[in-house]
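Structure first, commentary second.
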Amino acid sequence: MTLRLHNTLTGRKEDFEPLEAGHVRMYTCGPTVWNYAHVGNLRAFLFYDLVRRHLRVSGYRVTHVMNLTDIDDRILDQAMHARTTIEEYVKPYAQAFFEDMAALRAERAEHYPRATEHIPEMVDMISSLIEHEYAYIADGDVYFRIDSFPRYGELSHLDRAGLKAGVRVATDKYEKESVSDFALWKRSHPEDEEIGASWDAPFGKGRPGWHIECSAMSKRYLGDTLDIHAGGIDLMFPHHENEIAQSEAANHKTFARVWLHSEHLSDATGEKMSKSAGGFTTLRDLVAAGHDPLAVRMFLIANAHYRSRVRLSPEALHAAAEQVRRLREFAERLDRTTPAGEDDHALARRTAEVRAGYRDALDDDLNLPQGVGLVFDHLREANAALDAGRVGPLNKDALRALLSDVDAHLDVIRAEEPGLAEEVERLIAERETARRERDFARADRIREDLKSRGIALEDSKDGVRWRRLRPAERS
Ligand code: AMP
Ligand code: ZN
């Protein structure tokens, strides 16, 4: 099967083929670093990671750009209140974003451009839009004239009758009711200078609006036409609609060939999680409540298809933690297994089918939950075969290959604390020595230490084994 992706532009799943053979240019809207990212934002970012990983699994080289919005209305307000510059204000949040992404094992993008570092590119694009009358100056601000762009609204399937030509909105984010000319550039106020949020431009001192940064920075790093542009569903209108208008008006080329939008994460009450609405949960909150970031990762990417809504709950996070534990336990069990003399042919056939089914599920618009479901069903069968000593050398290799296929997307199986397995084995040996020397206090201390790290020791006929504790067993 070839890779098929659901393109918001056409509303259909389409065969995916990049413009340049073997190389995918992908732009994804990143965080506005006015605060910590909430788990809803992280869902979108891990969705980008899933797209990226599957493209790589499919053999493509990927150039992935994710911007950091380090200037917008909210950042300005916050910096003003905190009596600091916008640069100082966003620093800890930008750093927290990278820490969260690392904790969640998102692969790094090739470029993380920041808006404030690309003002000249934005000024150039705005100048060209003014020159060709797609944009106009009003009271020192610059607006995009949506009336000049007949395709405006095609992505979100807007009813153009609702467009209010000539009506202007200056805010960065607005609701659907006000489909109006949007700001490309906002003139400076004296306070903006003090907080480092004012730049010179031929059309007057000011700062960029939110939308222009993505058009200017994607052009700088990826050229006029992107293979894939992704974002959360709430960005489809007006943000992405505005990006298309700016880029296509300025470049006279198709801006993005495939648009991917991920659905919302809702909070416990079923409302879309949002920073402005108040009740939001960050990765830090979840970790403080005892959740493993890898369980959060598993929950965010594998619990539901990216185009379905999901609701955050402790139960769902515990279920994801249990899935991570089962995968790892199986991987470790397999590693320890000495293969039987002969392979089990039925098991070999099923493992091959599950590998193919997993791949097909991912190729079908990145249906990771379905793929993971197939794998868990198969683990039951494989565990039974291990119990019965029916796993031969080829069976073992095929099962390992299946786990490695799955971990190419999930990245939770081998994502150990580095060196953990060796350390645990060393501590087990130390405990054995202590027991032989009848230093039982020391032996118990080692067992308790490991337990506090979520690892249980069990005596078996082949010596001491270790396993991970289930969340319910950790207390
Ligand atoms: P922002 O930092 O507000 O610019 O948003 C960053 C990303 O998070 C965007 O792709 C948004 O679409 C996405 N996003 C915001 N809220 C949610 C949510 N509750 N669930 C899923 N994605 C979201
Ligand atoms: Zn954007």
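The values are calculated or read from the model by the stated rules, or taken from the named source; none is laboratory data. Computed from a predicted model, the values in this text were never measured in an experiment. For neighbour counting, all protein chains shown are included, and Cβ atoms are generated from backbone atoms with ideal geometry for every residue, glycine included. Areas reflect the complete protein model, heavy atoms only, side chains present, ligands, DNA and RNA absent. Shrake-Rupley method; radii C 1.70, N 1.55, O 1.52, S 1.80 Å.
In table form, for the structure just shown:
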item	result
Members of segment 294-303 found to be closer than 16 Å to Gly40 by Cβ and either outside any helix (DSSP H, G or I) or not basic (Lys, Arg) (or both), listed by number	Val296, Phe299, Leu300, Ile301, Asn303
From the options Thr8, Thr63, residue that is within 16 Å of ligand 2 (Cβ to nearest atom) and either buried (at least 17 other Cβ atoms within 10 Å of the Cβ) or not assigned by TED's automatic domain parsing to the domain that holds His211 (or both)	Thr8
Set Ile71, Ile75: member being within 16 Å of ligand 2 (Cβ to nearest atom), part of a helix (DSSP H, G or I) and open to solvent by less than 10 Å² (accessible area, probe 1.4 Å)	Ile75
Pick from segment 255-270, criterion under 26 Å from Ser215 (Cα atoms) and more than 16 Å from ligand 2 (Cβ to nearest atom), ranking: most open to solvent (accessible area, probe 1.4 Å)	Arg257
Glu271 vs. criteria within 15 Å of ligand 1 (Cβ to nearest atom) and either closer than 30 Å to Glu315 by Cα or among the aliphatic types (A, V, I, L, M) (or both)	yes
Test result for Asp124, within 14 Å of ligand 1 (Cβ to nearest atom), in contact (Cβ under 8 Å) with a residue 60 or more places away in the chain and either outside any loop (DSSP other than H, G, I, E, B) or over 27 Å from the mean Cα position of the chain (by Cα) (or both)	no
Selection within segment 136-152 - open to solvent by less than 80 Å² (accessible area, probe 1.4 Å), farther than 12 Å from Gly206 by Cβ and among the acidic types (Asp, Glu)	none
Tyr306 vs. criteria touching a Gly at 6+ places or on another chain (Cβ under 7 Å), closer than 30 Å to Leu42 by Cα and not hydrophobic (A, V, I, L, M, F, W, C)	no
Those strands (runs of 3 or more DSSP E) lying entirely in segment 151-255 with at least 3 residues farther than 23 Å from Arg43 by Cα and assigned by TED's automatic domain parsing to the domain that holds Val123	164-169, 180-187, 206-208
Every pair of residues 6+ apart whose Cβ atoms lie under 6 Å, when the first sits in segment 194-219 and is of a type in the set (Val, Ile, Thr) while the second is in a loop (DSSP other than H, G, I, E, B) and surrounded by fewer than 24 Cβ atoms within 10 Å (Cβ to Cβ)	Ile195/Thr85
Some residue of segment 224-244 being within 11 Å of ligand 1 (Cβ to nearest atom), over 20 Å from Leu50 (Cβ atoms) and open to solvent by 10 Å² or more (accessible area, probe 1.4 Å)	no
Members of segment 196-216 that are open to solvent by less than 10 Å² (accessible area, probe 1.4 Å) and touching a helix residue (DSSP H, G or I) at 6+ places or on another chain (Cβ under 7 Å)	Ala197, Pro208, His211, Ile212, Glu213, Cys214, Ser215, Ala216
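Condition check ((1) part of a helix (DSSP H, G or I); (2) open to solvent by 70 Å² or more (accessible area, probe 1.4 Å); (3) polar (S, T, N, Q)) across all residues:
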position: Leu286; (1), (2), (3): yes, no, no
position: Ser308; (1), (2), (3): no, no, yes
position: Leu317; (1), (2), (3): yes, no, no
position: Glu322; (1), (2), (3): yes, no, no
position: Ala331; (1), (2), (3): yes, no, no
position: Leu334; (1), (2), (3): yes, no, no
position: Thr338; (1), (2), (3): no, yes, yes
position: Ala346; (1), (2), (3): yes, no, no
position: Tyr358; (1), (2), (3): yes, no, no
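Quick grid of which residues meet (1) closer than 23 Å to Arg52 by Cα; (2) of a type outside the set (Phe, Trp, Tyr); (3) touching a residue at least 60 places away in the same chain (Cβ under 8 Å):
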{"position": "Arg355", "(1), (2), (3)": "yes, yes, no"}
{"position": "Tyr358", "(1), (2), (3)": "yes, no, no"}
{"position": "Ala361", "(1), (2), (3)": "yes, yes, no"}
{"position": "Leu368", "(1), (2), (3)": "yes, yes, yes"}
{"position": "Gly371", "(1), (2), (3)": "yes, yes, no"}
{"position": "Phe376", "(1), (2), (3)": "no, no, no"}
{"position": "Ala382", "(1), (2), (3)": "no, yes, no"}
{"position": "Asp387", "(1), (2), (3)": "no, yes, no"}
{"position": "Leu394", "(1), (2), (3)": "no, yes, no"}
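Each row is one residue, and each column tells you yes or no for (1) in contact with a Phe, Trp or Tyr (Cβ under 8 Å, 6 or more places away or on another chain); (2) at pLDDT 95 or above; (3) buried (at least 20 other Cβ atoms within 10 Å of the Cβ).
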| residue | (1), (2), (3) |
| --- | --- |
| Asn383 | yes, yes, no |
| Arg390 | no, yes, no |
| Leu394 | no, yes, no |
| Leu410 | no, yes, yes |
| Pro418 | no, no, no |
| Ala421 | no, no, no |
| Val424 | yes, no, no |
| Glu430 | no, no, no |
| Thr433 | no, no, no |
